[in-house]
1. Considering only region 524-556, how many residues are in contact with a His (Cβ under 7 Å, 6 or more places away or on another chain), assigned to a strand (DSSP E or B) and either small (Gly, Ala, Ser) or surrounded by 24 or more Cβ atoms within 10 Å (Cβ to Cβ) (or both)?
2. Residue under question is Leu263, and the condition is that it be aliphatic (A, V, I, L, M) and over 30 Å from Ala180 (Cβ atoms); does it hold?
3. Please work out which residue is farthest from Ser691 (Cα to Cα), limiting yourself to region 481-523 and to residues that are β-branched (Val, Ile, Thr) and assigned to a loop (DSSP other than H, G, I, E, B).
4. Which numbered condition trips up Leu517, out of (1) more than 19 Å from Ser428 (Cβ to Cβ); (2) among the hydrophobic types (A, V, I, L, M, F, W, C); (3) more than 21 Å from the chain's Cα centre (by Cα)?
5. Please count how many residues of region 66-118 are part of a loop (DSSP other than H, G, I, E, B) and not charged (D, E, K, R).
6. Just to be sure, is Thr249 buried (at least 21 other Cβ atoms within 10 Å of the Cβ) and in a strand (DSSP E or B)?
7. Out of Ser402, Ser439, Ser483, I need the residue that is within 24 Å of Pro287 (Cα to Cα) and either at pLDDT below 95 or small (Gly, Ala, Ser) (or both). Which one?
Amino acid sequence: MFFYLASSSCFLKRNQPLNADRQSNMSNYFFHGAVRFLVLTASCYISLPVAVSSVPDTLIQAGADWKYLDDGSDQGTGWTSIAFQDSLWSSAPAEFGYGDGDETTVISYGPFDSLKYVTSYFRKTFSVTDATIYKSLRLNLKRDDGAVVYLNGTEIYRSNMPGDTITSSTFASASISDGAESIFLSAFLSPAGLVNGTNVIAVEIHLVTTANSDLSFDLSLLGDTAVVLARSPYLQLATPNSMYVCWRTSVPEAGKILYGQTLSFSDSILEVDSTVDHFVQIQGLSPATKYYYSVYSSEELLAGDSSYYFYTPPVQSAVTPVRIWTMGDFGTSHERQNLIRDAYFSYTADSYTNLLLWLGDNAYPSGSDEEYTYNVFTGHYESILRQSVSYSTLGNHELFYSSAANQTGPYFDQFIFPENGEAGGVASGTEAYYSFNYSNIHFVCLESNIDSFGMVNTTAMLNWLNADLAANTQQWIIVYFHSPPYSKGYHDSDIEDDQIYMRQTFLPVLENYSVDLVLSGHSHDYERSYLLHGHYGTSSTFDTSVVVDQGGGEPPDFYTKVPPFYEGAVYAVVGCGGEIQTIQPDWPHPAMFYSTNTDFGSMVIVVHGDTLEAKLLLMSDSIADHFAIVKTLSVGFEENEKKISFSVYPNPAGKKLFISYYSKQPSPVTIMISNIAGDLISSWSEKSVQSYLKQVDISHFPAGAYFVQLISGDQSVVRKFLKQ
């Protein structure tokens, strides 16, 4: 990308041109990564467009009459062209479909309920006088389940469909349900295929299975004569001195941002390259400062008034209140999604939200670009996303279109995460997992879709996590990933591989570094643990010895973490942001103090100094769960940062035992396994290691209790495990 960056000495006037000669004479360049900037200095004038409103032309109305074919036939490819003869097709008004009861025209699905026609066909002609006036076409589509759209015989859009060749027997990618069935998804498309005179839109609707219960289709088509916002501004990757402002336009466009500490705006950034997705980093900001901004196209104001502002984070380790809004599995476009939002807005009132944490499965059903646009960025959170920076972890539903191993797909295209340690923490080199600091909090995001991520990447993540936490000096540690280590909701942490692996492999490391709060989603419910330390086995092996505090942590009886090791963490499943699902027969998990599978809501977290307070806020605007943790810095906390990481798991163990070790510096280590009587069973030494993971065969060990001792230099650590 290539941007102009105007210095604060510039002042701006509307409608006063900046000629090319003056621009070139006063400029110099600098690079930030792969981004080139042109710095405008001195008393430069920058031409600003006056805001212009644009009403799109309606080319096809929703509910219009269409020709349709519902006989289960294979129409091949010729049916999409203007010349195709559809005189024998039926004609009726939209909405078309069956099974929901809201259809204007009920179509046939064939003679068998369990063997419905996979594909239904629709055609609509419309006229255009002058196709050259349109900068973009705005397609509004209601589809259940998948759709492919053609303009004059050429495919222009597909929704919830595989990426390969489509035939009449191709199934949709995922099931559409709940609120997603009734919404219109919008897409801004090129008008290049439009012609003067008669045009035809052809649509094929595909079921996800032949036993699907319903089908829906309606469509409208608009023509935009000006550049418009396709995705409202949102914020990414905040540091005390910088902020990314992101937005999407209907067509490729070189945009601009005006910003400053007042609405008069003292500075500007001008893009040179045309693009649809705009990611503009504002640099040189002051910490803990409020900035206003406006977003422009080359022709008009796209977004900007007194509600477009943000606060930069304070300097790291600063003791200031931090408000965090977190939720998982929320992007369904059901009415309750906005009720949860409204409850949060009502509860927080005028309090500024510093961070949004999303726990994965943010846009249903498959995390596609269009589902993110209309289940997250449009009609739901625009007013807070323009003011507060959001961070996320990848859910399993995002894996339909995105890959954590390759960092590809819509999830990675639309977010900017601190892979290079830009916001504090150790650089991870990937946006699949990362860390950052905000005030006196260290945040860690992990990738918990282990099967798809692969063991090579997962091992690299484990090594990075050890290094990152060893380097941390922040008072608080909050970790978030999608698959919960403890859950008896729809997903059972006793049997699902990803959840087992996160519990057995990553929790010992997190707890070794005194993690405070671990957030997950995945199960569509709310589950919140006691203050725990040391449970890495199944729910049947859970006992009170791993419960640091038997209470619920509600003030004034808050949880207290004491030196020198500050043991104890709260684990919360906050997957109730959009859907509620069935639970396991042995619900609730014994690690949980509070569980509910009937309430929709989100979690509000406030960290101020030595207190972390969290509440489950229901969409009914009531508080269902409330806990607080108090942790005061001391000499013991500093000593804890220096200790080595040493874990044994699973515990209890069966035939195999894993021993994990990490130290800040490579050093010789000796490991000894003894029984409860003190008899040495096994021992070995390593010459010089920093990170170490060993699998030990204990199948021949008698059942009972054992101790594993690690000696590294002048340090000795002992762990106990049970052999089943």
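1. Residues meeting the conditions: 1.
2. So Leu263 passes the test.
3. Ile495
4. (3)
5. 27
6. Criteria met by Thr249.
7. Step by step, each of Ser402, Ser439, Ser483 is checked, and only Ser439 is within 24 Å of Pro287 (Cα to Cα) and either at pLDDT below 95 or small (Gly, Ala, Ser) (or both).
Residue-by-condition table, conditions (1) more than 30 Å from Asp224 (Cα to Cα); (2) touching a Phe, Trp or Tyr at 6+ places or on another chain (Cβ under 9 Å):
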{"residue": "Val276", "(1), (2)": "no, yes"}
{"residue": "Phe279", "(1), (2)": "no, yes"}
{"residue": "Gly284", "(1), (2)": "yes, no"}
{"residue": "Leu302", "(1), (2)": "no, yes"}
{"residue": "Pro314", "(1), (2)": "yes, yes"}
{"residue": "Ala318", "(1), (2)": "yes, no"}
{"residue": "Met327", "(1), (2)": "yes, yes"}
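The values are calculated or read from the model by the stated rules, or taken from the named source; none is laboratory data. Keep in mind that what you see is a predicted model, and the values were worked out from it rather than measured. So basically every Cβ, Gly included, is an ideal-geometry build from the backbone, and we count neighbours across all protein chains shown.
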